[in-house]
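Take a look at the structure below.
The values are calculated or read from the model by the stated rules, or taken from the named source; none is laboratory data. This is a predicted model, so every value here is computed, not measured. Quick reminder, even Gly has a Cβ in these numbers, built from the backbone with ideal geometry, and neighbours come from all protein chains shown. When the accessible area is computed, the model is the full protein with side chains, heavy atoms only, and any ligands, DNA or RNA have been set aside. Shrake-Rupley method; radii C 1.70, N 1.55, O 1.52, S 1.80 Å.
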Amino acid sequence: MPITFEPLAKRHDRSHFRCGEAQLDEWFQKRAGQDERRNVARVFVALDDTSQIVGFYSLSAFTLSLDEVPDNIAAKLPRYDHIPAALIGRLARHEQSRGKGVGEILIADALHRIVNVAQDLAVFAIVVEAKNDSAFDFYQSFGFIPFPMHPGRLFMLTSTAAAALKKANPSASSP
């Protein structure tokens, strides 16, 4: 199934989107546009070949407190109070797209965008919030690491994401 990505726009009909997680559906249908306009999140929609929304994700700037980072990683960092990060705040695929690899395509596109931005803006890590056990397992399967003090919150070093993307597509030019 060919998928294209676009920034969320008024022309995108969100009213019929259902991922099976009521909080995500409500946010996407009612508040995603507001978050966009208020510069709280950038929302990207995944469209199938009929221009139907099959998934979405949001990106925001984020900071990590040094004491949140696992000790083995924090030991290698300067003693700043906060470390720059990017947040994949919400990510969901339509129920009808279950089992078609849309979730994997969504996370890959989000990581790609963050890695590209990290060429111009310092982004030490990429943070995700798992809404349930299934989402937690999904993120862990891509190499996200749980935060010791925050159940449901995971991270990946941006350098790890960049290396994985390069390995997945070695012929692509560096971001």
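Quick notes
- Ligands, DNA and RNA left out, the 1.4 Å accessible surface of the chain is 51% carbon and sulfur atoms.
- Integer Hz, Karplus 6.51/-1.76/1.60 couplings in order for segment 62-76, x for Gly and Pro: 7, 10, 10, 6, 4, 6, 7, 7, x, 3, 5, 8, 4, 4, 8
- Within the chain, the selection of entire DSSP H helices by a Cα span of 18 Å or greater along the long axis and an average Kyte-Doolittle value of at least 0.5 returns 102-117.
- Between ASP25, ASP49, ASP137, the residue with the greatest mean-square fluctuation in the GNM of the chain (Cα pairs under 10 Å linked by springs) is ASP49.
- Relative contact order for the chain, counting Cα pairs under 8 Å that sit 6 or more residues apart, in percent: 18
- What the chain shows is 57 Å² of accessible area per residue, with the surface traced by a 1.4 Å probe over protein heavy atoms.
- Sequence-distant residues sharing a close amide H with HIS94 (under 5 Å, placed H): GLY55
- Estimated FRET transfer efficiency (HIS16, ARG37; beta-carbon r; R0 22 Å; 0.05): 0.50
- Taking a straight Cα-Cα cut-off under 29 Å and skipping sequence neighbours fewer than 8 places away in the same chain, the lysines within cross-link reach of LYS100 are LYS10, LYS30, LYS131, LYS166, LYS167.
- Dimensions in Å of the chain - Rg and Dmax from alpha carbons: 16.2, 50
- For the chain, built as a Gaussian network whose Cα springs stay under 10 Å, the top-fluctuating residue of TYR80, TYR57, TYR139: TYR80
- Surface/4 of the Cα convex hull for segment 46-118, nm²: 6.3
- For the chain, the mean residue ellipticity at 222 nm estimated from helices alone is -8000 deg cm²/dmol, where every DSSP H run of n ≥ 4 contributes -39500 (n - 2.57) and the total is divided by all residues, rounded to the nearest 500.
- Placed amide H near LEU64: partners under 5 Å, 5+ positions off or other chain: ILE83, ALA85
- In the elastic network of the chain, a GNM with C-alpha springs shorter than 10 Å, the most mobile of GLN29, GLN52, GLN119 is GLN119.
- Ranking by accessible area, most exposed first, for SER65, SER159 with a 1.4 Å probe: SER159, SER65
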